[in-house]
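Heads up, the thing below is written out as structure tokens.
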Amino acid sequence: MILHILSSEMHRERLGLPFELSEDFLQTHQVVAVLTGGTEGKFVQLVKEGLIDLKKPVYLMVSGHSNSLAASLEILSYIRQHNGVGKVMMNADDTLLSEESSSRPLVGTPSTSVLHSDRPLRLGVVGFPSDWLISSRTDYQQVLDTMNCELINIPIEEMTSLGEVDPGMKGAEAIYARLKEIVLKYDLQGVTLRCFDLLTTVKNTGCIALSKLNDEGIPAACEGDIPTLLTMMVCKRLTGELCFQVNPARIQSNGEMLFAHCTLPLGMTEKHEYTTHFESGIGVAIHGDLPIGDYTLVKLSGDLKRMLAVDVELERCQYEQNLCRTQVWIKATPEVAHYFLTDPIHNHHVLIRGHHANEFRN
């Protein structure tokens, strides 16, 4: 039997396996049950210990809660980067890995005109990328040469030196003020923040800070995610739209997908309220409702060689306690669902208002 179960103490729920697989399937396949987010590093450790063989197909069993799917997509992207084959399993019937159907036609190679900025840009990386972003790595020199964007490493201590702040909105605003100081100090046009380090040091979150910077026209990504920040920069330059960094939470084979995250720009909302950060249950995060209608889902790979840009429809908003706080259902095509389940570009994607897919293909 080859079944590894990954879960994280970061999530308070105790989750059981989402569904059962036959004994025959478990005896003949590599199966990993990814029950929560924050488990990507554990998968890498299994590979290093020889308990997972990337020369053989890997099946990732996921639940619809606690960032299980988000972690699985980062793991699957890592598998593909290492020339392996894998698939996300949403239910017990979804077990056969089809090589005939490919998601690659959806994913193009971005042109120089799409990636390159006419003016030099300085982008801040405050703290290193979060440990669980195992496939979302970037070559700084390649980004400078290809996109005319200089990535500036900034010690996380410039944020954590705030010390413990008020646990509510006053503290969230203090985090915003400090991050804005950093943006001005280093003359940044965009920034990504290793925000989870704030939970144990500052005792509040960066959700409000990142939301406000995005509203001010300064693309701001969380978790130190550089490819997502670069995606936001391209989106802003080509469309001028605000960007919402999202985690996939549930995917259905017909193309309906649930996305969620906590750093929504308020300029994208119809209405909103403040709540706690999902994983930690502390600080201030945003639950917002977005207008129904046309959107575009975009993601640029860390090596700058792949880009997804597809027109989608936002069908409805929802709220559940066991997910990141802003939650939206998107209607795409079965091909988009297949892309996520077999060959995604990392985990986080970017959602913008309007249909703009053609603008990313010039």
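Structure notes:
- Test: residue in the stretch 1-12 that is among the β-branched types (Val, Ile, Thr), modelled with pLDDT of 90 or more and not in a loop (DSSP other than H, G, I, E, B): no
The rows are residues; the columns are (1) assigned by TED's automatic domain parsing to the domain that holds Ala71; (2) of a type in the set (A, V, I, L, M, F, W, C); (3) surrounded by fewer than 19 Cβ atoms within 10 Å (Cβ to Cβ).
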| site | (1), (2), (3) |
| --- | --- |
| Leu210 | no, yes, no |
| Asp215 | no, no, yes |
| Asp225 | no, no, no |
| Lys236 | no, no, no |
| Val246 | no, yes, no |
| Ala249 | no, yes, no |
| Phe259 | no, yes, no |
| Cys262 | no, yes, no |
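- Among (1) part of a loop (DSSP other than H, G, I, E, B); (2) modelled with pLDDT of 95 or more; (3) not charged (D, E, K, R), the one test that Pro129 misses: (2)
- Unmet criterion (only one of (1) outside any strand (DSSP E or B); (2) modelled with pLDDT of 90 or more; (3) within 30 Å of Ile218 (Cβ to Cβ)) for Ala70: (2)
- Pairs with Cβ under 8 Å, 6+ apart, first in the stretch 278-292 and in the same structural domain as Met169 (by TED's automatic domain parsing), second in a strand (DSSP E or B) and of a type in the set (Phe, Trp, Tyr): Val284/Tyr274; Ala285/Tyr274; Ile286/Tyr274; His287/Tyr274; Leu290/Phe244
- Among residues of the stretch 183-197, those that are touching a helix residue (DSSP H, G or I) at 6+ places or on another chain (Cβ under 9 Å) and more than 17 Å from Glu223 (Cβ to Cβ), counted: 4
Table: residues versus (1) among the aliphatic types (A, V, I, L, M); (2) touching a Phe, Trp or Tyr at 6+ places or on another chain (Cβ under 7 Å); (3) exposed (fewer than 15 other Cβ atoms within 10 Å of the Cβ); (4) farther than 19 Å from Pro344 by Cβ.
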position: Gln27; (1), (2), (3), (4): no, no, yes, yes
position: Gln30; (1), (2), (3), (4): no, yes, no, no
position: Val34; (1), (2), (3), (4): yes, no, no, no
position: Glu40; (1), (2), (3), (4): no, yes, no, no
position: Gln45; (1), (2), (3), (4): no, no, yes, yes
position: Glu49; (1), (2), (3), (4): no, no, yes, yes
position: Leu54; (1), (2), (3), (4): yes, no, no, no
position: Pro57; (1), (2), (3), (4): no, no, no, no
position: Ser63; (1), (2), (3), (4): no, no, no, no
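- Ile154 being within 14 Å of Asp303 (Cα to Cα) and surrounded by 14 or more Cβ atoms within 10 Å (Cβ to Cβ): no
- Test: residue in the stretch 173-193 that is in contact with a Pro (Cβ under 9 Å, 6 or more places away or on another chain) and under 26 Å from Gln321 (Cβ atoms): no
- Verdict on Leu266 being more than 13 Å from the chain's Cα centre (by Cα) and under 19 Å from Asp294 (Cα atoms): yes
- Only a single criterion out of (1) outside any strand (DSSP E or B); (2) crowded, with 24+ Cβ neighbours inside 10 Å is not satisfied by Tyr295, namely (1).
- Test: residue in the stretch 86-102 that is under 20 Å from the mean Cα position of the chain (by Cα), more than 23 Å from Arg306 (Cβ to Cβ) and modelled with pLDDT under 85: yes
The values are calculated or read from the model by the stated rules, or taken from the named source; none is laboratory data. None of these values were measured; they are calculated from a predicted model. As a convention, Cβ positions derive from the backbone with ideal geometry for all residues, glycine included, and neighbour counts pool all protein chains shown.
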